[in-house]
Amino acid sequence: MQWTWNRRLSRLVKRVGTGSCMFFVLLMSPLFAEEARPQKQNLRAGPASWMGDLTPITAQEWSRDRAAHLLERAGFGGSPQEIDHLAAMTPAAAVRHLVHYQNIDNSHVPPFDESGVFDPTLDPFPKSRADAVRIARVNGESMGVKVKPGGSRPLQPVVDRFFYWLRADALEMRRAGQWWAQRMLATKRPLQEKLALFWHGHFATSDTKVRDYRKLLKQLELFWQRGNGDFRDLLIGVAQDPAMLVYLDAGENIKGHPNENFGREILELFTLGVGNYTETDIREASRAFTGWTHVGLDFVVKPELHDEGEKTFLGRNGNYDGIDIIDIILEQDVTAHFIAAKLYRYFVRQNPAPELVAQLGAILREHHYEIAPLLTTIFLSRDFYSPPAYGTQIKGPVHLVISTYRRLGLTDIPGVPDFNTTTRDLGQELFHPPNVAGWEGGRSWITPALLLERGNFARAVFFPDMVNFRPPDRWMPVTNQKVATKIAQGYEITAATIETDDNAMSGNAMEQSGSESMSMFNMMAGADEDYNTRYGSTHGWQEAFRRVKPIPRFAAQLSMTDMVRQAGLATTSEVVDHFLDRLLQVPLAADDRQALIDFLTQELGTEKIKPALTYLEEPVRHLVHLIMSAPEYQLG
């Protein structure tokens, strides 16, 4: 899958003027093709005959470019110094260094700094506000909050509590996303993070449903610990993981009334793939997992809810439990093929030949489903460095952002632009996969709208809007803002939570409450004296803001002038070549390179760097923004 620029950089450069505040409009047309680039455009790749060849490359075939390719795919790219370090090893040593990361000290990466917002009364958390109210009416309390014995709105504290945790968990999850991004940036074990991201998409679990950041972080820890180990251990760990148990409704999977969500997904998405099982297999597998549930963060089996009857699964009969089902699944050759092929597509390229998939699956089976030997074979193979695998992978949003910061030598994730918002707008938000199938990847990362967002990200790195930026972790919807303002002005709750037809913030809201344009929500706002939902929602935001720690906000700490000085660059052509080498895996055509040189020379008023040092910073930022807006930059 590839992208051809069609030499339109010169048209792009013409849109850029000194001091321009505009986004560099992307005038290039993305064109995709399955065939490899012509060899003359991809000099860093091996010969075409390497495609499909799992023979390890030799020390003589190793190069700095290939070390950069390895670090890009097995991690998130790196600075010139990191690439040099890897290139100085033999290919076998470089791959061993990345794959067997447990031997590398990573203690400099701090643990997640929790805000301390959780308490045990919040688990289990009601499925909805209505559910929270129902529980309170039946039991006299919900989430550790008792119903008021008298007075106005006796259920308001319960509703406030419900919305507080919804908001606090969402904010803490944002902090966790920022923290994980920081780990990806600072880690000495890049493959550990790259694998965790893979398994996060493979065993997709979203906090939108789980609503407990602790469970998602526990699952992430599982991916770190077992990501390159025995797939059986990982699969059992996921099947017993509280986040997955909540996400796929394990609590509803009980004897006599099996819930087939997990039974279906473990076959369709996690192991065998579509077409390799029957509906009966799904039903029988689901029976085997009955009674599997959790208490807090601990996995438990409730014997009274487990179906002890005989089950027929994939042609086998027995009184199976969940572990038995997993073992039978792993006995199938198609499982090894499915997992090997998905890992290959993630790290190498799309559409591997069936013969290659069979080879990789056999390697996985031969090593008893250990992931590390399979990855070692892939990363050392000639196939990994062949033209179809080289500089042809569209970077996913998280990869794009992290690799950008790593290539630029940053040591901290900036708070501006916001990491979570940036990757979400590009199509990928950590801890929030779109569905149980995870992110589609590949071509789905590139649409005209997403291309525009990628250019916006490139601009935000070098020209952040520090004046108009609003921290997303300190922002609530406009409706809630209006309610908060009215409450602060002394409005009674009902009056504060009814919006007028023009959404005005002034005037007597009660006098306008009979407006025909009033929404049904407004009409209900004061109808139930037991509680006010809109006030509870607003109060939840305010309390969450008070208790959840803010994400630090600062722009990328970059000095392009220092980079130029430290590299000893003397001319505009040397500056362009330095950043092309630093940022691109796919070489630029000669005329496109010349267009960049001409642009920088024009901006500086000279091709010599020394006389321009005092005003070099902004023109070089524009130059690098141009490079990062190019189609070639989207490929790794």
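Quick notes on this structure:
- Using the Cβ of ARG64 as centre and a radius below 14 Å, the other residues enclosed give a net charge of -3, where K and R count +1 and D and E count -1.
- Restricting the trypsin sites (Lys or Arg not before Pro) of region 92-177 to loop positions (DSSP other than H, G, I, E, B) with no more than 13 neighbouring Cβ atoms within 10 Å leaves LYS127.
- Where only DSSP H runs of four or more residues are counted, the chain gives -14500 deg cm²/dmol as its mean residue ellipticity at 222 nm, each run worth -39500 (n - 2.57).
- Cα pair distances of the chain binned at 10 Å [whole percent]: 3, 14, 22, 22, 18, 12, 6, 1, 0
- Cut-off 13 Å, label 7 Å out along Cα→Cβ of LYS608, residues of region 566-587 by amide N: 570-572
- Simple spin-label estimate for ALA130 and VAL109 gives 4.3 nm between the two label positions (7 Å along the Cα-to-Cβ direction from each Cα).
- Under the combined filter of DSSP loop state and at most 12 neighbouring Cβ atoms within 10 Å, region 453-492 retains these chymotrypsin sites (Phe, Trp or Tyr not before Pro): TRP475.
- Positive-pole candidate from PHE163, VAL624, GLY391, dipole of the chain, charges at beta carbon: VAL624
- For a label point 7 Å along the Cα-to-beta-carbon line of ALA570, residues of region 609-624 with backbone N under 18 Å: 609-613
- Surface share of carbon and sulfur [accessible, 1.4 angstrom probe, percent] for region 519-636: 53
- ALA590/THR278 FRET efficiency (R0 56 Å; Cβ-Cβ; nearest 0.05): 0.45
- Most simply put, the chain has about 95% antiparallel DSSP beta bridges, counting only bridges with both residues inside it.
- DSSP-loop chymotrypsin sites (Phe, Trp or Tyr not before Pro) across region 523-587, with at most 13 other Cβ within 10 angstrom: PHE554
- Once the chain from ASP327 to ASP233 is taken as fully extended at 0.36 nm per residue, the excess over their C-alpha distance is 32.8 nm.
- Residue range of the chain that is longest and free of GluC sites (Glu not before Pro) which are both DSSP loop and sparsely packed (at most 10 other C-beta within 10 Å): 36-510
- Only protein atoms count toward the accessible area here, which uses a 1.4 Å probe; on region 279-437, the carbon and sulfur part of that area reaches 49 percent.
- With every protein chain in place, region 154-229: carbon and sulfur % of accessible area (1.4 Å): 51
- 1.4 Å probe accessible area per residue over the chain, in Å²: 41
- Hydrodynamic radius (Kirkwood) for region 301-415, which is based on Cα pairs only, to one decimal in Å: 17.5
The values are calculated or read from the model by the stated rules, or taken from the named source; none is laboratory data. Fair warning: this is a prediction, and the values are worked out from it, not measured in the lab. Note: ideal-geometry Cβ built from the backbone for every residue, glycine included; neighbour counts use all protein chains shown. Remember, those area values only see protein heavy atoms, side chains included, never the ligands or the DNA or RNA. Shrake-Rupley method; radii C 1.70, N 1.55, O 1.52, S 1.80 Å.
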